[in-house]
Amino acid sequence: MSDVNVQKLAGLGKAERAALIRRSEADLSFFLDKVQPIIDAVKTEGDAALVRFGRDFDKATPLTAETLQVSEAEFDEAFKLVDDKVIEAIRYGIENIRSFHEEQAPEPMFLKEIRPGAFAGDRYLPINSVALYVPRGKGSFPSVTMMTSVPGVVAKVPNLAIFTPPGPDGKIDAATLVAARIAGVETIYKCGGAQAVAAAAFGTETVKKAQKIVGPGSPWVVAAKRLLAGIIDPGLPAGPSEGMILADHTVSGGLAAMDLLIEAEHGPDSSAWLVTPSERVVEEALAALPELWGKMTETRVEFSRTVLTGASGGIVLAKDMADACAFVNEYAPEHLEILSTKPFDYLGDITEASEILLGTHTPVSIANFALGPNAVLPTSKGANTYGPLSVTDFIRRSSVGYVTEKGYPEMAAAAKTLAEYEGFSSHANAVSDLRNAYLKPE
C-alpha cells in the first residue's frame with residue numbers, strides 16, 4: 001500500500017513535523033465567513049431559518065416549524081423501529097456510562113476549617129440549561145447521545161436538550177431517540193450544524209435558549225461555537241475525530257492497522273496515525289490494510305483511505321519508543337491506544353492525550369460504546385488543557401466562606417495588613433475597629 005502516508009520522524013524538519021500535527025479545523029477562516037450569515041439568520045428569523053436550513057442543508061423537505069421538536073409519538077415509534085439487540089446494547093452502554101459518571105459527581109458542598117473558627121469550601125449546583133449536540137452528517141450516532149446525555153442527567157441539569165440534524169424524511173435517527181429516552185432526555189430539536197449552535201445560543205419560537213453547548217461536531221459547528229462564545233459557553237473543543245495507535249514490537253501490525261481504521265472511518269476530515277519504532281509492524285500494517293478495507297463498507301473505505309493517504313493520517317516510524325512517546329505528547333491526540341503486551345510500561349511517558357486505552361483488548365470501539373468513560377473528548381491539541389466531557393462540565397461551582405466570631409480577629413489582622421499594602425482603604429476599613437464598632441454598638 002505505497003499510497004498510504006508513511007513518515008520517518010528522524011528525517012523530518014521542523015516544518016514537516018509541524019505539518020503532521022496540524023488538524024483539519026486548525027484554519028477555520030473559510031467556515032467562519034460562511035457561518036456568520038447562518039447565525040444572523042437564526043437570530044433574526046428564528047424557526048423559519050431553522051426550517052429553511054434543514055431543507056437546504058439536510059434535504060429534510062417535510063420539516064416544518066411545527067415539527068422542529070421531536071414529539072412523544074416519535075419517541076414511542078422509535079422503540080418499534082430499532083432492533084431489540086440494539087436497544088439492549090444501548091441499555092448496556094448507558095448503565096456503564098452512568099456507573100462511571102456517578103463516581104465523578106462531587107458532594108453538594110464541603111467546608112473545611114482552615115483556621116480555628118474560619119471555614120471555607122465549595123458548593124456545587126447544576127447549570128440550568130445545557131444543549132447537547134449530536135452530529136449526523138457522516139452517520140447516526142446514538143453513542144454520542146449516550147455520552148452527552150448521561151453526565152448531564154447525573155449532574156441533575158434541569159433543562160437538557162439534544163440538537164441533531166434530521167434526515168431527508170424530516171425525522172431523527174430512531175436509535176438516537178431510543179438512547180435519549182433511556183438516558184433520560186426527551187427534548188430533541190431537529191436541527192444541526194451552525195444553525196443548531198445559533199438556536200441554542202439565542203433561542204427561537206420553539207427552541208429554548210441554553211447557557212452551554214457540549215458535544216462534537218464538524219468544522220461548521222466548531223466555527224459557530226467560536227463565533228458565539230460570548231453568547232453561549234462552547235464547552236470543550238470537540239471537532240473531527242482523531243485516533244492514534246502507539247504500538248511496540250510485541251504486537252501484530254495487522255492488529256495495529258485494524259485499530260488505526262477505527263477513527264479514520266469517521267470522515268475525510270478525521271486524523272489517524274499509527275506510531276511505532278518497529279519496521280515489522282509498519283510492513284505488516286501496510287500489508288493488512290487491503291484485506292481490512294475489503295471487510296468495510298464502500299463509504300467508510302473512502303473516508304479512511306482519504307485520511308491515511310492525506311496530510312492528516314498514515315504511519316509514523318519512530319527511532320524508538322521514547323521517540324514515539326514524545327511524538328504522541330507533541331500531537332496530544334483525542335483517542336490513544338497503547339498496543340503492547342506491557343502497555344503500563346509506557347503509560348508514565350504519556351502526558352498529553354485525551355483518552356488512553358491500554359493493551360490489545362481495549363480498542364477505541366469499546367471505549368466509544370460500552371466501557372463507561374466519556375468518549376466526547378477534546379480535539380486539536382485540546383488535551384493540553386482540557387479533559388474528557390464529565391459531570392463537572394454540567395456543574396457550576398461557588399466558593400463558600402464562613403468566619404465565626406472566634407476566627408475573625410486572626411483573619412481580619414492579616415487581611416487588613418494586605419489591604420493597606422495594596423492601597424485599598426475600604427478593604428482595610430471593613431476589617432478594622434470600625435467593624436467592631438458596628439458589631440458591638442454602645
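The values are calculated or read from the model by the stated rules, or taken from the named source; none is laboratory data. Treat the numbers as computed from the prediction; the structure is a model and nothing was measured. Every residue, glycine among them, receives a Cβ derived from its backbone with ideal geometry; neighbour counts consider all protein chains shown. To get the accessible areas, we keep the full protein, side chains included, count just its heavy atoms, and leave off ligands, DNA and RNA. Shrake-Rupley method; radii C 1.70, N 1.55, O 1.52, S 1.80 Å.
Observations
- Using all pairs of distinct alpha-carbon atoms, the Kirkwood hydrodynamic radius of the range 366-442 works out to 17.2 angstrom.
- Computed over the alpha-carbon atoms, the chain gives an Rg to Rh ratio of 1.06, Rh here being the Kirkwood radius from the mean inverse distance.
- In the chain, the DSSP-assigned H stretches of four residues or longer account for a calculated mean residue ellipticity at 222 nm of -13500 deg cm²/dmol, using -39500 (n - 2.57) per stretch and the full residue count as denominator.
- Rounded to the nearest 20 debye, the dipole magnitude of the range 203-317 is 660 debye, with +1 charges on Lys and Arg beta carbons, -1 on Asp and Glu beta carbons, and the Cα centre as origin.
- In this view, the solvent-accessible surface of Val144, computed with a 1.4 Å probe and all protein chains in place, comes to about 20 Å².
- Relative contact order (%) - the range 1-150, alpha-carbon pairs under 8 angstrom, separation at least six: 12 percent
- The simple spin-label model puts a point 7 Å past each Cα toward its Cβ; for Lys440 and Thr351 those points are separated by 5.4 nm.
- Counting only DSSP beta bridges with both residues in the chain, the antiparallel share comes to about 30 percent.
- Solvent-accessible area, 1.4 Å probe, carbon plus sulfur percent, for the chain: 54 percent
- Fraction of alpha-carbon pairs over 17 Å apart in the range 135-203 - percent: 39 percent
- For the range 129-277, accessible area per residue (1.4 Å probe, heavy atoms of protein chains only), Å²: 26 Å²
- Here the range 75-182 is assigned +1 on the Cβ of each Lys and Arg and -1 on the Cβ of each Asp and Glu. Its dipole about the Cα centre then comes out at about 280 debye.
- Quarter of the Cα convex hull surface for the range 317-361, i.e. its orientation-mean projected area (nm²): 3.0 nm²
- Spatially, the range 358-416 and the range 178-235 are offset by 22 Å when compared through their Cα centroids.
- Excluding ligands, DNA and RNA, the accessible surface per residue across the range 348-439 is 60 Å² with a 1.4 Å probe.
- Principal axes of the range 270-395: Cα extent on each, largest first, Å: 47, 35, 28
- Contact order relative to length of the chain, as percent, for alpha carbon pairs under 8 angstrom and 6 or more apart: 20 percent
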